[in-house]
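Participant: Can you read through this structure? Questions will come right after.
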Amino acid sequence: MSNQGLTKAFVAGAAIAPNRFIKFGADDRTVVQGAAAGDFIFAVSDDVGCASGERLDNILTDSAIIEYGGTVTRGALLMSDSVGRAITATASAGTNVRTGGIALVSAVSGDKGPMLISLGSFQG
């Protein structure tokens with residue numbers, strides 16, 4: 001059910017697990033896993049993952065398979081948890097949240113399933 005679009009390789013700035021939200025690392029060429037609701041998520045890692053210093057394909061458009069980190073209902077906006085898994089986007093008052101997509105299936109923690117990559121942000 002995944003129709004991934006534009007894929008671009010970057011160098012991993014740390015070990016990256018398969019199917020995780022991705023943000024930029026320390027420079028323009030490196031990436032790391034998402035780690036917080038405010039991270040500037042821009043892609044999803046492929047289904048292989050890699051060690052630090054290796055090249056990693058990242059899906060930037062269309063749909064991708066993501067690992068879910070909690071109970072999610074299809075149609076929910078998604079943000080990164082502390083290890084790059086997709087969770088339902090929520091925000092406390094005055095907190096900025098960056099979203100990485102929309103769930104295309106209902107899932108629970110540990111499930112891998114499709115999501116639509118759709119970047120955005122909102123404030124609680």
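The values are calculated or read from the model by the stated rules, or taken from the named source; none is laboratory data. Since this is a predicted model, take the numbers as computed values, not measurements. Here Cβ is always computed from backbone atoms with ideal geometry, including for glycine, and neighbour counts include all displayed protein chains.
Participant: Within the set of pairs 6+ apart or on separate chains, which have a first residue in segment 28-43 that is under 18 Å from S63 (Cα atoms) and touching a residue at least 24 places away in the same chain (Cβ under 8 Å), a second that is part of a strand (DSSP E or B) and among the polar types (S, T, N, Q), and C-beta atoms under 6 Å apart?
Facilitator: Note: pairs meeting the criteria are G34/S80; I41/S80; A43/N58.
Participant: Of the numbered conditions (1) under 11 Å from the mean Cα position of the chain (by Cα); (2) within 16 Å of A15 (Cβ to Cβ); (3) surrounded by 14 or more Cβ atoms within 10 Å (Cβ to Cβ), V83 fails exactly one; give the number of that condition.
Facilitator: Of the numbered conditions (1) under 11 Å from the mean Cα position of the chain (by Cα); (2) within 16 Å of A15 (Cβ to Cβ); (3) surrounded by 14 or more Cβ atoms within 10 Å (Cβ to Cβ), the odd one out for V83 is (3).
Participant: A follow-up question, please. Kindly provide the set of residues from segment 11-33 that are farther than 22 Å from G120 by Cα and modelled with pLDDT of 95 or more, ordered by number.
Facilitator: Answer for segment 11-33, where residues must be farther than 22 Å from G120 by Cα and modelled with pLDDT of 95 or more: V11, A12, G13, A14, A15, I16, A17, P18.
Participant: Checking G110 against (1) farther than 13 Å from F21 by Cα; (2) at pLDDT 95 or above; (3) part of a strand (DSSP E or B), only one condition comes out false. Which one?
Facilitator: In the conditions (1) farther than 13 Å from F21 by Cα; (2) at pLDDT 95 or above; (3) part of a strand (DSSP E or B), G110 misses (3) alone.
Participant: Determine if segment 34-41 includes at least one residue that is part of a strand (DSSP E or B), at pLDDT 95 or above, under 15 Å from the mean Cα position of the chain (by Cα) and not hydroxyl-bearing (S, T, Y). First the steps, then the outcome.
Facilitator: Residues of segment 34-41 that are part of a strand (DSSP E or B), as a first pass: none.
Looking through segment 34-41, none of the residues is part of a strand (DSSP E or B), at pLDDT 95 or above, under 15 Å from the mean Cα position of the chain (by Cα) and not hydroxyl-bearing (S, T, Y).
Participant: Looking only at residues that are more than 14 Å from the chain's Cα centre (by Cα) and among the aliphatic types (A, V, I, L, M) in segment 86-103, which one is surrounded by the most Cβ atoms within 10 Å (Cβ to Cβ)?
Facilitator: Looking only at segment 86-103, we keep the residues that are more than 14 Å from the chain's Cα centre (by Cα), and these are 90-96.
So of that shortlist, the ones also among the aliphatic types (A, V, I, L, M) come out as 91, 93.
Working: A91: 16, A93: 6.
The qualifying residue surrounded by the most Cβ atoms within 10 Å (Cβ to Cβ) is A91.
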